[in-house]
1. For A:PRO273, which of the numbered conditions (1) within 12 Å of chain B (Cβ to nearest Cβ); (2) surrounded by fewer than 20 Cβ atoms within 10 Å (Cβ to Cβ); (3) at pLDDT 95 or above fails to hold?
2. Return the only residue of B:ALA92, B:ALA98 being of a type outside the set (S, T, N, Q), in a helix (DSSP H, G or I), farther than 21 Å from B:THR231 by Cα and touching a Lys or Arg at 6+ places or on another chain (Cβ under 9 Å).
3. Restricting to the range B:167-192, and then to whatever is over 20 Å from B:ASN222 (Cα atoms) and not β-branched (Val, Ile, Thr), can you tell me which residue is modelled with the lowest pLDDT?
4. Can you tell me which of A:ARG79, A:ARG33 is within 25 Å of A:PRO4 (Cα to Cα), out of contact with any Pro (no Cβ under 6 Å at 6 or more places or on another chain), surrounded by fewer than 16 Cβ atoms within 10 Å (Cβ to Cβ) and among the charged types (D, E, K, R)?
5. Please determine whether any residue of the range B:317-325 is in contact with a Pro (Cβ under 9 Å, 6 or more places away or on another chain), closer than 24 Å to B:ARG248 by Cβ, hydrophobic (A, V, I, L, M, F, W, C) and at pLDDT 90 or above.
6. Of the residues in the range A:91-111, how many are more than 24 Å from A:SER168 (Cα to Cα) and crowded, with 22+ Cβ neighbours inside 10 Å?
7. Filter the range A:199-246 down to the residues that are within 14 Å of another protein chain (Cβ to nearest Cβ), surrounded by fewer than 21 Cβ atoms within 10 Å (Cβ to Cβ) and part of a loop (DSSP other than H, G, I, E, B) and list them by number.
8. Could you say whether any residue in the range A:42-51 is assigned to a helix (DSSP H, G or I), surrounded by fewer than 16 Cβ atoms within 10 Å (Cβ to Cβ) and of a type in the set (Val, Ile, Thr)?
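The values are calculated or read from the model by the stated rules, or taken from the named source; none is laboratory data. For clarity, every value in this text was computed on a predicted model and none was experimentally measured. Cβ placement follows ideal geometry from the backbone for every residue including glycine, while neighbour counts extend to all protein chains displayed.
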There are 2 protein chains.
Amino acid sequence: MTLPRIAIDAMGGDEGVRVMIEGAALARRRHDRFKFLLVGDEARIRKALETHPGMTEASEILHCDDVVGGDEKPTNALRRAKTTSMGLAVNAVKKGDAGAAVSAGNTGALMAMSKLALRTMPGIDRPALAALLPTLGESDVIMLDLGANRECDARNLVQFAIMGAAYSRIVTGRDKPRVRLLNIGSEETKGTEDLQDASAQLREARGLAMQFDGFLEADKINRGEVDVVVTDGFSGNIALKAIEGTARFVTDLLKNAFTSSLRSKIGFLVSRPATELLKHHLDPNNHNGAVFLGLNGVVVKSHGSANAAGVANAVAVAARLLEDKLIQRIAGDMTSLDEQQLGGKPVPRADSSAA
Amino acid sequence: MTLPRIAIDAMGGDEGVRVMIEGAALARRRHDRFKFLLVGDEARIRKALETHPGMTEASEILHCDDVVGGDEKPTNALRRAKTTSMGLAVNAVKKGDAGAAVSAGNTGALMAMSKLALRTMPGIDRPALAALLPTLGESDVIMLDLGANRECDARNLVQFAIMGAAYSRIVTGRDKPRVRLLNIGSEETKGTEDLQDASAQLREARGLAMQFDGFLEADKINRGEVDVVVTDGFSGNIALKAIEGTARFVTDLLKNAFTSSLRSKIGFLVSRPATELLKHHLDPNNHNGAVFLGLNGVVVKSHGSANAAGVANAVAVAARLLEDKLIQRIAGDMTSLDEQQLGGKPVPRADSSAA
């Protein structure tokens, strides 16, 4: 099987070309059938390729001079969709020149460009940003939305649940991933009306490839008891960053504690394999690659500060979603949902008071 | 100086009477001028007091048979404000029989009863639930609201900032605590209109006893760079629980790693002082005691699963807020804000679309 190639925005991210090319090369070392469309400054890309000889034959370069700025407003960046490395990488997916795009640039701009070029799938009102997080269980948990949509109504949340479950089936291999809605309590009466509506619709829907288990509080995200955590983009972003910040906080405390005395330092050296294991588990690079779900094409956002191993992970996520036909899976579930008209009731779009 | 006494709802919490009395006794061992009004089943309280002889002379018992259930709806509990241990403890503050109340019972019911009995302070529209969290810095950070108000407008957020700063001045000793609004980005254009309004008002206000530093993302809460994190109750609850869950997640991973091999086990034993330090820092009992701010009286919520040391902390929080005149401090700032009419502009109450 030949894999469609992956378009890489070589200019995005804090480190730029070198890390993006090195990441792609790393991913290719693990999966040697990968092909790439490298978008950006040709001279710099060629220079970066010098140290990765295998990459040259597997890659085509699409030159451009323009780059989306890290702090640029998405509306501003959108005007340069046809001239920037980010815009051209996304556009390659639209034109069929690539099967997926990976960028480490400005998240808002990438979302806006992806929406404009690829459009949302039939039945999906808004795309969502989804990421994998580590758990105490056997597989990662998927959380969405992480910031693409500040406010979401019940209908959005139901669609996110379907998109997240399709992604989780690929990641976990479960036929019916365990899906929950993030809320401030697990009782049915808790949270906003939109959360309660979404919960009722997911409970009633039949034949969806998921097991809906109701509400989840944020302290249970990592326990390994849930595969998909569905939330609005504001709460999801708060939860994601609180998790990232706390993981760093605890490891910083640990580092301080381990260097607080000679005895602690010796203990640290002896128990190094244990702390390395912890570090490996918590390293954000091992979970890099947030996906825009709900578009007619696969777009993966690599973290701006990811290292080459992180970029390689993001590239591998893109390849896997392509191979395992994420878009077709979501389309299948949407058809099933449409036929039921969400439990027989028409679902009007709620007003904007969703909170 | 005689301290006004503290009313203890002896019946709330997972462990009930024994832990509440033991906690109060522990607090009293550290501050022997504490006096208590112990509210609940007299026979069980007397039995629990047997093992704490010093407590008997410092305590009065207020007997009642009725207890608010952990899962009971607040509206239901409210009807029994005059017969339950929780209601009578709060009522003792209202009547001046106690200076503060501490309960480990149902949070929603405690909030409803406290609001009804004590009323909000002049100029405060809604009370908020505030708690202390550990940081990498020298002092704890205060976060509010943690779930008392699901949706908050700009005016609520400004009031929360004032209430949180007053609390922080007591905890940190700073004249102008560093205050920030929790948001999904630090740029001025990020987040909801209410967040942007609140930010503009806090920037414009003069003479407030705080230093307003703009927006904060959730991964920065524990870095020690901020003293007060202001947010709506939905996001605050998500952030708090994500932090608690992740701290537990990382320590669980660490425990697994340390028991994964003989070498790791030995390393763990050698470095025990370091891991004990970590455990101490992260133990939620050391940060127990969430405060309802904005009421005409001090009410402290102890975590339902807190142990005696945790209850002692909650009691100490109540005593400290009384001694350091929290309510008078908030009132002072509200007066200053009123005189400015929030930067000269009347502040209409926003509609309910706050998210």
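1. Of the numbered conditions (1) within 12 Å of chain B (Cβ to nearest Cβ); (2) surrounded by fewer than 20 Cβ atoms within 10 Å (Cβ to Cβ); (3) at pLDDT 95 or above, the odd one out for A:PRO273 is (3).
2. Going through B:ALA92, B:ALA98 in turn, the sole match is B:ALA92.
3. B:GLU188
4. A:ARG33
5. No, every residue in the range B:317-325 fails to be in contact with a Pro (Cβ under 9 Å, 6 or more places away or on another chain), closer than 24 Å to B:ARG248 by Cβ, hydrophobic (A, V, I, L, M, F, W, C) and at pLDDT 90 or above.
6. Selection size over the range A:91-111: 5.
7. Those that are within 14 Å of another protein chain (Cβ to nearest Cβ), surrounded by fewer than 21 Cβ atoms within 10 Å (Cβ to Cβ) and part of a loop (DSSP other than H, G, I, E, B): A:GLU217, A:ARG223, A:GLY224, A:GLU225.
8. no
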